[in-house]
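The values are calculated or read from the model by the stated rules, or taken from the named source; none is laboratory data. Small disclaimer: the values here were computed from a predicted structure and weren't measured. Glycine gets a Cβ as well: all are built from the backbone with ideal geometry, and neighbour counts include every protein chain shown.
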Amino acid sequence: MLVVKKFGGTSVGNAERIFNVARRCAKEYQAGNDVVMVLSAMGKQTDVLIDMAHEINPNPPKRELDMLLTTGEQTSVALMAMAFATMGIPSISLNAFQVAMHTTSVYGNARLKRIDTERIQHELEGRKIVIVTGFQGVNKYEDFTTLGRGGSDTTAVALAAALHADKCEIYTDVDGVYTADPRIVKKARKMEEITYNEMLDLATLGAGVLHNRSVELAKKYNVPLVVRSSLNESEGTTIKEVVKVEGMLVSGVAADKNATRISVVGLEDRPGVAFKLFNMIAKAHINVDMILQSIGRDGSKDISFTVPEDMADECYKLLEDNLEVLKAKKVDMRKNVAKVSVVGAGMMSTPGVAAKMFECLYNADININMISTSEIRVTVLIDEKDTERAMNAAHEAFGLED
Ligand code: ADP
Ligand code: ASP
Ligand code: MG
């Protein structure tokens, strides 16, 4: 059996934890299985590196930032291989170049395109544990890229798919996927199973326990995915196509504070205006999420939308610089907003979910700025300061407690 095991920052945060992880993987190896490990940078090392970069240059060149960040994962894999060496277990660490893992060329937000499996397969045939750097790739210019924050999960799933692994286990600092972030909602409950679609929405809407691209890939290539703790033996949560327990109206609540609302005011009310605006934003590789257009009045309309916070300044400047091209009056930006969402496959067939969400926010005296819905989710944009209260209110209203 071939197993891909991914360990996040906390799980490899210090020497003791590195040995803990090494022992766990050694057991799997000694049972006769092939083991590929994917590691994140130790503890908060990625944040430390980002701070270091900003100390030198508040706006560091993106290529150089990726060059810097990839050292975090490289440190972890080398130390892990050293730990195995002390235990007399054959292992080898590999970075994105050595594997190689090919990505698109966008620094800081690259997508995996293709993984060469020959080197890994060769090392596995030599009965080595293969330890691969998460989060990083190589682009067509032969430069390092990174996959976006939390991207090691995606490396693990992509490797599992490329190697046709029998399972992919994501080890982290919680026991599995909960109905809400257990750090924010104390009464959150661990789920035994969840569908790819629900997990994809939860991850996209802010449940940081999995990188959303990893869920997308797991669904696409049907990779059996498990989220579990690196600190205990608890069973964890399985993410798959169909789950046994159907019929939960709402399976989880997620929040994303990394949102900024941008409003373009006084646009002309005629065909092609939205296209021009969003085409301009897309060309700058800025991701747009919720979109709201006001009803046109006196030949003029407003369009509001949300973008990730780290792209907000760039987006604002782009639109400011192009006010004349867009024939708009002004651009507004609000950073202290958050998205709170309820997600559940059961919503599809049940009316009244949105109303219930709005009612519980009303009861908590929380104002709604924007709303968006799909078949299996309701998302509201609210003031950031209300996030925790809104999550707890929704969690209770939909009866998700333990
Ligand atoms: P790692 O470094 O292992 O990748 P992360 O910090 O990226 O760990 O992800 C684990 C964290 O995700 C947990 O500590 C938890 O606070 C947070 N989290 C957010 N939403 C959820 C959820 N629905 N279920 C479990 N954990 C969640
Ligand atoms: N080390 C990277 C980060 O902190 C990738 C990851 O942890 O998945 O974002
Ligand atoms: Mg993570």
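Has the range 358-373 got at least one residue that is at pLDDT 90 or above, surrounded by fewer than 20 Cβ atoms within 10 Å (Cβ to Cβ) and among the charged types (D, E, K, R)?
Checking the range 358-373: at least one residue is at pLDDT 90 or above, surrounded by fewer than 20 Cβ atoms within 10 Å (Cβ to Cβ) and among the charged types (D, E, K, R).
Does F398 satisfy the condition of being in contact with a strand residue (DSSP E or B) (Cβ under 9 Å, 6 or more places away or on another chain), surrounded by 13 or more Cβ atoms within 10 Å (Cβ to Cβ), among the hydrophobic types (A, V, I, L, M, F, W, C) and without any contact (Cβ under 8 Å) to a residue 40 or more places away in the chain?
Criteria not met by F398.
Filter the range 314-323 down to residues that are of a type outside the set (A, V, I, L, M, F, W, C), part of a helix (DSSP H, G or I) and touching a residue at least 12 places away in the same chain (Cβ under 8 Å) and give me whichever is surrounded by the most Cβ atoms within 10 Å (Cβ to Cβ).
Y316
Does the range 122-154 hold any residues that are away from ligand 3 (no atom under 14 Å from the Cβ) and of a type in the set (D, E, K, R), and which are they?
E123, E125, R127, K128, K140, E142, D143, listed by residue number.
Quick check on my filter: what residues within the range 141-152 are at negative phi and either touching a Ser or Thr at 6+ places or on another chain (Cβ under 6 Å) or within 16 Å of ligand 2 (Cβ to nearest atom) (or both)?
F144, T145, T146, L147, R149, G151, S152
For the range 196-311, please list each of the strands (runs of 3 or more DSSP E) lying entirely inside it that holds at least 1 residues being modelled with pLDDT of 95 or more and either within 16 Å of ligand 2 (Cβ to nearest atom) or buried (at least 18 other Cβ atoms within 10 Å of the Cβ) (or both).
On the way: elements: 225-229, 237-240, 252-268, 291-293, 300-308.
By residue number, 225-229, 237-240, 252-268, 300-308.
Of all the residues that make up the range 135-185, how many are closer than 24 Å to D256 by Cβ and free of Cβ contacts under 8 Å to residues at least 40 places away in the same chain?
So the count comes out to 2.
Which of the residues belonging to the range 155-180 are near ligand 3 (Cβ under 10 Å from one of its atoms) and over 23 Å from G344 (Cα atoms)?
T172, D173
For I184, indicate whether it is surrounded by fewer than 21 Cβ atoms within 10 Å (Cβ to Cβ), of a type in the set (V, I, T) and either assigned to a strand (DSSP E or B) or more than 16 Å from ligand 2 (Cβ to nearest atom) (or both).
yes
Can you say whether D153 is in contact with a His (Cβ under 6 Å, 6 or more places away or on another chain) and closer than 18 Å to V215 by Cβ, as far as the supplied structure shows?
In short, yes.
Would you point out the residue of the range 1-49, among those that are of a type in the set (G, A, S), crowded, with 16+ Cβ neighbours inside 10 Å and away from ligand 3 (no atom under 15 Å from the Cβ), that is farthest from the chain's Cα centre (by Cα)?
We begin by selecting, within the range 1-49, every residue of a type in the set (G, A, S); these are 8-9, 11, 13, 15, 22, 26, 31-32, 40-41, 43.
Within this subset, residues satisfying the condition of being crowded, with 16+ Cβ neighbours inside 10 Å are 8-9, 11, 13, 22, 26, 40-41, 43.
With the extra rule that they be away from ligand 3 (no atom under 15 Å from the Cβ), the set shrinks to 22, 26.
Working: A22: 26, A26: 29 Å.
Ranking the qualifying residues of the range 1-49, first place goes to A26.
Does the range 167-188 contain at least one residue that is more than 16 Å from ligand 1 (Cβ to nearest atom) and on the phi < 0 side of the Ramachandran plot?
The answer is yes; a qualifying residue exists.
Give the residues of the range 332-371 that are of a type in the set (K, R) and part of a helix (DSSP H, G or I), sorted by residue number. Before the answer, list the steps.
If we filter the range 332-371 for residues that are of a type in the set (K, R), which is where we start, we get 334-335, 339, 356.
Within the range 332-371, K356 is the sole residue that qualifies.
Looking at T172, T104, T155, T133, which one is away from ligand 2 (no atom under 16 Å from the Cβ), within 20 Å of the chain's Cα centre (by Cα) and either crowded, with 20+ Cβ neighbours inside 10 Å or not small (G, A, S) (or both)?
When all the criteria are applied, what remains is T104.
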